[in-house]
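Q: I'd like to ask you about the structure that follows.
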Amino acid sequence: MEQTFVEKMDKSLADLKAEIISNLMVNNEDFKEIVEGMDPKDLADIASDDIDRKMIEAIGSQELKRLRLIDSALTRIQQGKYGLCIKCGKRIPQERLEAIPYALMCIECKIAEERRNR
């Protein structure tokens, strides 16, 4: 995968993560208090910390799942595995990654997984 595309997606993922955390701070007083009580850090690093029980309660389960997927994608970028399907190992199309930067699977594997889960 092109290095410039990976760098673009790395920035996009970090921005998305910061946006989610900022929105949670605006919409959830408990989360805001937790974040403000932490040592000053870059917002993008906060969700990477061990999330205690209070934070899990403050964050909606969907947002928590998205933050974990974003962290996973950022880790795959560092490992040089970003853009590869975790099931079959094939490249995930750039169009899919632009739409869902934290996608774990290619379209074929994702469709097969959704069929199994029905």
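The values are calculated or read from the model by the stated rules, or taken from the named source; none is laboratory data. As the structure is a prediction and not an experimental result, all values here were calculated from the model. In this analysis, Cβ positions are derived from the backbone assuming ideal geometry, glycine residues included, and neighbour counts consider all displayed protein chains.
Q: Does any residue of the stretch 48-56 turn out to be under 14 Å from the mean Cα position of the chain (by Cα), modelled with pLDDT under 80, surrounded by 14 or more Cβ atoms within 10 Å (Cβ to Cβ) and closer than 27 Å to MET25 by Cα?
A: Yes - at least one qualifying residue is present in the stretch 48-56.
Q: Against the condition modelled with pLDDT of 65 or more and buried (at least 17 other Cβ atoms within 10 Å of the Cβ), how does ILE86 come out, does it pass?
A: Against the criterion (modelled with pLDDT of 65 or more and buried (at least 17 other Cβ atoms within 10 Å of the Cβ)), ILE86 does not qualify.
Q: Having 1 or more residues that are closer than 19 Å to PHE5 by Cα, in contact with a His (Cβ under 6 Å, 6 or more places away or on another chain) and small (Gly, Ala, Ser) is the bar; report the helices (runs of 4 or more DSSP H) wholly within the stretch 57-118 that clear it.
A: none
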